Amino acid sequence: IGSFTNAAQHVWGYSRGKASASEQKRFQNLLDAYAAGQGSGEPVKRMLLRLAQKYEVNYLLESYYFSIST
């Protein structure tokens with residue numbers, strides 16, 4: 001859980017400044033639920049992928065982060 005959360009927060013940092021308040025809240029809710037054992041990491045990664053696409057964060061889109069499943 002700790003490694004996944006750390007990686008997700010790192011990836012989130014690339015979109016954080018561009019994300020709307022509702023996107024920020026949604027990300028935090030998803031990450032909190034995962035950390036509490038209330039779900040998988042897939043919703044977190046899907047959201048991060050959508051944000052990377054929306055905000056055209058090519059560094060992330062070209063990385064392996066989204067290719068590796070949780």
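The values are calculated or read from the model by the stated rules, or taken from the named source; none is laboratory data. Given the structure is predicted, the values throughout are model-derived calculations rather than measurements. Heads up, the Cβs are rebuilt from the backbone with ideal geometry, glycines too, and the neighbour counts pull from every protein chain shown. The accessibility values were calculated without ligands, DNA or RNA, using every heavy atom of the protein model including side chains. Shrake-Rupley method; radii C 1.70, N 1.55, O 1.52, S 1.80 Å.
Anything in region 15-46 that is in contact (Cβ under 8 Å) with a residue 12 or more places away in the chain and farther than 18 Å from SER3 by Cα? List them, or say none.
Passing the criteria: SER15, LYS18, ALA19, GLU23, ARG26.
In region 20-38, which residues are at negative phi and either at pLDDT below 95 or in a loop (DSSP other than H, G, I, E, B) (or both)?
Taking region 20-38 first, the residues at negative phi are 20-36, 38.
Once the filter is applied, which keeps residues that are at negative phi and either at pLDDT below 95 or in a loop (DSSP other than H, G, I, E, B) (or both), region 20-38 yields SER20, ALA36, GLN38.
Those residues that are open to solvent by less than 70 Å² (accessible area, probe 1.4 Å) and over 13 Å from the mean Cα position of the chain (by Cα), I need them from region 36-54; list them, please.
Residues satisfying the conditions are ALA36, GLY37, GLY39.
Within region 55-70, track down each residue that is surrounded by fewer than 14 Cβ atoms within 10 Å (Cβ to Cβ), over 20 Å from ILE1 (Cα atoms) and of a type outside the set (Ser, Thr, Tyr).
Residues satisfying the conditions are GLU56, ASN58, LEU61, GLU62.
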